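One structure is given below, encoded as structure tokens.
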Amino acid sequence: MSKFLLTYIVTCWPLQLQKLGSNFILFRGAKYSLGTIANRRYTNFSPELEQTLQSENNYQSIKKLSKYAAPHIKWHREQGNTDLQYFNYLLLDPRVTNKLANRAPGMHCIDVWFTFLRAIFYVGKGKGIRPFVHFLQAEKLLGTPDSIKQAKDPKLALILSIWEQKRGILLIRGFRGISSADAQTREASMINALGMNHLTNRRVGVFFGPAKNKYTPTQRMLLGIALLYKLMSKFIAKEEREIYPQISVDPVAKAA
């Protein structure tokens with residue numbers, strides 16, 4: 001075995017290896033098992049995001065992408081918006097994260113990053129109880145399934161699928177206290193980075209400010225990667241709390 005190949009394996013292979021064949025989850029074409037991902041190269045992410053998964057050096061370079069966030073933040077603060085009640089949020093599948101915060105210390109950094117990204121199925125923006133509107137819409141379909149509505153809105157179909165397996169939805173909110181235009185730009189950047197084919201979002205986002213007028217398409221995706229990285233840091237800092245349907249009588253749901 002060459003020195004180069006040995007170095008590549010030591011650098012890029014997950015540090016936390018698990019026994020193959022146990023507790024596998026098949027999710028969007030990838031086998032997932034306690035932080036170890038097979039067929040990592042098969043994703044629907046943007047090329048820019050995919051690049052961060054190719055080596056530890058590429059992953060560490062994400063920290064430098066804050067340079068794309070700084071002009072964006074500065075421009076929006078200078079606009080003098082008074083309605084600063086908006087935020088961004090992500091919906092995640094707990095069957096994929098599998099208590100990622102608890103497992104992260106024993107996993108390779110790229111495995112943690114990849115697991116977090118794979119679990120995201122919706123990117124949104126709003127204020128107040130906006131994220132919970134999705135859950136209320138899904139609850140209405142629990143008693144009276146509507147295949148047409150689920151086909152038109154894959155987000156609702158996935159929420160119902162998770163609930164049917166006695167699991168809840170993971171919600172993470174971030175970037176609170178920003179304007180609607182700011183939140184829309186951040187939403188669009190993260191959608192572009194993750195890719196519409198990976199998400200259940202039905203619309204691409206809208207850009208404002210320098211992201212619209214000065215950034216190249218690649219720079220917009222790099223902004224999205226920087227934002228996703230920041231949200232991952234927040235996500236793994238807390239215990240996972242799953243959201244169950246309020247009308248459920250399942251004891252697991254009530255305990256949550």
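The values are calculated or read from the model by the stated rules, or taken from the named source; none is laboratory data. It should be emphasised that the depicted structure is a prediction, and the values quoted were computed from it without experimental measurement. Quick reminder, even Gly has a Cβ in these numbers, built from the backbone with ideal geometry, and neighbours come from all protein chains shown. All accessible areas refer to the heavy atoms of the entire protein, side chains included, with ligands and DNA or RNA removed. Shrake-Rupley method; radii C 1.70, N 1.55, O 1.52, S 1.80 Å.
Take the residues of the range 229-248 that are touching a Phe, Trp or Tyr at 6+ places or on another chain (Cβ under 9 Å) and in a loop (DSSP other than H, G, I, E, B): which is most open to solvent (accessible area, probe 1.4 Å)? Let's see the steps before the verdict.
Step one: of the range 229-248, the residues touching a Phe, Trp or Tyr at 6+ places or on another chain (Cβ under 9 Å) are 229-232, 235-236, 243-246, 248.
From what's left, in a loop (DSSP other than H, G, I, E, B): 236, 244-246, 248.
On the way: Ile236: 54, Tyr244: 32, Pro245: 15, Gln246: 152, Ser248: 33 Å².
It comes out as Gln246.
Would you please name the residue that is surrounded by the fewest Cβ atoms within 10 Å (Cβ to Cβ), looking only at residues in the range 192-228 that are in contact (Cβ under 8 Å) with a residue 24 or more places away in the chain and β-branched (Val, Ile, Thr)?
Thr218
In the range 27-49, is there at least one residue being modelled with pLDDT of 95 or more, in a loop (DSSP other than H, G, I, E, B) and over 26 Å from Glu164 (Cα atoms)?
yes
What number of residues within the range 140-162 are among the basic types (Lys, Arg) and open to solvent by less than 30 Å² (accessible area, probe 1.4 Å)? So that I can check it myself, show each step before the final result.
Pass one, the range 140-162, residues among the basic types (Lys, Arg): 140, 149, 152, 155.
Now narrow it down to the ones that are open to solvent by less than 30 Å² (accessible area, probe 1.4 Å): 155.
Residues that pass the stated criteria total 1.
Looking only at the range 118-139, decide whether some residue is closer than 26 Å to Glu50 by Cβ and open to solvent by 20 Å² or more (accessible area, probe 1.4 Å).
yes
Any residue in the range 229-247 that is over 17 Å from Leu65 (Cα atoms) sitting within a Cβ distance under 6 Å of a residue that is part of a loop (DSSP other than H, G, I, E, B)? List the pairs, counting only those 6 or more apart or interchain.
Between residues of the range 229-247 that are over 17 Å from Leu65 (Cα atoms) and residues that are part of a loop (DSSP other than H, G, I, E, B), the close pairs are Glu240/Lys99; Glu242/Gly168; Glu242/Ala256; Ile243/Gly168; Tyr244/Gly168; Tyr244/Ala256.
Scan the range 163-183 for residues that are within 16 Å of the chain's Cα centre (by Cα) and either open to solvent by 30 Å² or more (accessible area, probe 1.4 Å) or hydrophobic (A, V, I, L, M, F, W, C) (or both) and report the count.
Matching residues across the range 163-183 total 7.
Go through the range 95-163 and tell me which helices (runs of 4 or more DSSP H), entirely inside it, have 3 or more residues that are at pLDDT below 95.
130-143, 147-152
Enumerate the pairs (first residue in the range 114-136 and more than 17 Å from Arg202 (Cβ to Cβ); second residue anywhere and of a type in the set (A, V, I, L, M) and outside any helix (DSSP H, G or I)) with beta-carbon separation below 6 Å, excluding pairs fewer than 6 apart on the same chain, so at least 6 apart or on different chains.
Phe114/Ile37; Phe114/Leu53; Ala119/Leu92
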